[in-house]
Amino acid sequence: MPDKIEKAIEVMLPGSIQSMLASINPLSGTGAWVGGWRGASALVSPKIWSRLVWPGMKAMGLALIETDNIATFHLDQCWDRDIERFLEIPEKKSIINTDGMTDLRNARKILGDHVAIMGDVPAPLLATGTTQEVKDYVTKLIDDIGPKGLFITAGCDAPANTKFENMVAMFEAANDWK
């Protein structure tokens, strides 16, 4: 019943945007997360995603930008199919934070420097990889898509079993890059 869902979103979205904006510390100037957690384009049909997911995400991002905040789109899962939709967001006003499943090299080709990219050191690598594997991954990622507009972080979150030395290796590799 997409019509009913759409009507519910129309009723709920303004309040959700108000709550989001009210939760931002006006002194921080940082912005807020806009979730794509369970609405990832890989999890929903294109027709439903375009009708019921993207409009709300876009509206939340635009509300942040219009109030001089940064929209950080938290993108779990694979966003390859719809990555170009972030070109609809004003240039250099947002960040996409991916979790290792989106092809960041392709995203950079499509988006250029329109958005900043946050991530995307995969959780399994941080938990089970060697420090050299982490350093190699970070160096290659920066070589391929950065360094401009790139925040090196764990993809989504670092898992609880992340090796401390791998977090250090991620930091060192980013700082030591060329």
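The values are calculated or read from the model by the stated rules, or taken from the named source; none is laboratory data. Since we're looking at a predicted model, the values are computed, not measured. Here the Cβ positions follow ideal geometry from the backbone for every residue, glycine too, while neighbour counts run over all protein chains shown. The protein model used for the area step is the full one, side chains on, heavy atoms only, and it has no ligands, DNA or RNA in it. Shrake-Rupley method; radii C 1.70, N 1.55, O 1.52, S 1.80 Å.
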> Taking a 29 Å limit on the Cα-Cα distance, which of the listed pairs Lys109/Lys178; Lys58/Lys148; Lys47/Lys148 fall beyond it?
Replying inline: Lys47/Lys148
> Taking the chain as a Gaussian network, Cα atoms linked when under 10 Å apart, which of Ser19, Ser94, Ser41 shows the biggest mean-square fluctuation?
Replying inline: Ser19
> How far, in nm, would the chain grow between Lys4 and Ile142 when pulled straight, counting 0.36 nm per residue and subtracting the alpha carbon separation?
Replying inline: 45.2 nm
>> Tell me the Kirkwood radius of segment 124-178: reciprocal of the mean inverse pair distance over distinct alpha-carbon atoms, in Å.
In response: 11.1
> Using a 1.4 Å probe on the protein chains only, how many percent of the accessible area of the chain belongs to carbon and sulfur?
Replying inline: 59
> Val34's amide H: which non-local residues (gap 5+, or another chain) put their own amide H closer than 5 Å, with H modeled 1.01 Å from N in plane and none for Pro or chain starts?
Replying inline: Thr72, Phe73, His74
> Within segment 57-94, what residues put their amide N at less than 13 Å from the label point 7 Å along the Cα-to-Cβ vector of Ser23?
Replying inline: 72, 74
> Given a cut-off of under 8 Å on Cα pairs at least six residues apart, what relative contact order in percent is computed for the chain?
Replying inline: 17
> Just Asp144, Asp80, Asp113 to compare: in a GNM of the chain, with alpha carbon springs under 10 Å, which one fluctuates most?
Replying inline: Asp144
>> Could you compute the net charge surrounding Glu6? Neighbours are other residues with a C-beta less than 15 Å from the C-beta of Glu6; K and R count +1, D and E count -1.
In response: +3
> How much length is gained on full extension from Lys178 to Arg81, taking 0.36 nm per residue of separation minus their Cα-Cα distance?
Replying inline: 31.7 nm
>> Could you work out how much longer the chain between Phe164 and Thr30 gets when fully extended? Use 0.36 nm per residue separation minus the Cα distance between them, nm to one decimal.
In response: 45.5 nm
> If you compute Cα extents along the principal axes in Å for the structure shown, which of (1) 46, 35, 33; (2) 51, 39, 32; (3) 58, 36, 32 do you land on?
Replying inline: (2)
> Which Cα, out of Leu125, Leu64, Gly155, lies furthest along the positive dipole direction of segment 25-178 (beta carbon charges, K/R +1, D/E -1)?
Replying inline: Leu64
> Relative to the Cα centre, what is the charge dipole magnitude of the chain, using +1 at the beta carbon of each Lys and Arg, -1 at the beta carbon of each Asp and Glu, and rounding to the nearest 20 debye?
Replying inline: 340
> So if R0 is 22 Å, what FRET efficiency would Thr131 and Asn106 give, r being the distance between their Cβ atoms, rounded to the nearest 0.05?
Replying inline: 0.20
> Given the options Leu75, Leu150, Leu87, which has the most mean-square fluctuation in a GNM of the chain, springs set between C-alpha atoms less than 10 angstrom apart?
Replying inline: Leu87
>> Relative contact order for segment 62-152: what percent, with Cα pairs under 8 Å and sequence separation of 6 or more?
In response: 26
> When the Karplus curve 6.51 cos²θ - 1.76 cosθ + 1.60 is applied with θ = phi - 60°, which whole-Hz ³J(HN,Hα) does each residue of segment 41-55 get, with x for Gly and Pro?
Replying inline: 4, 6, 9, 10, 4, x, 5, 5, 4, 5, 8, 10, 10, 4, x
> In debye, nearest 20: dipole of segment 41-143 around its Cα centre with unit charges on the Cβ of K, R (+) and D, E (-)?
Replying inline: 240
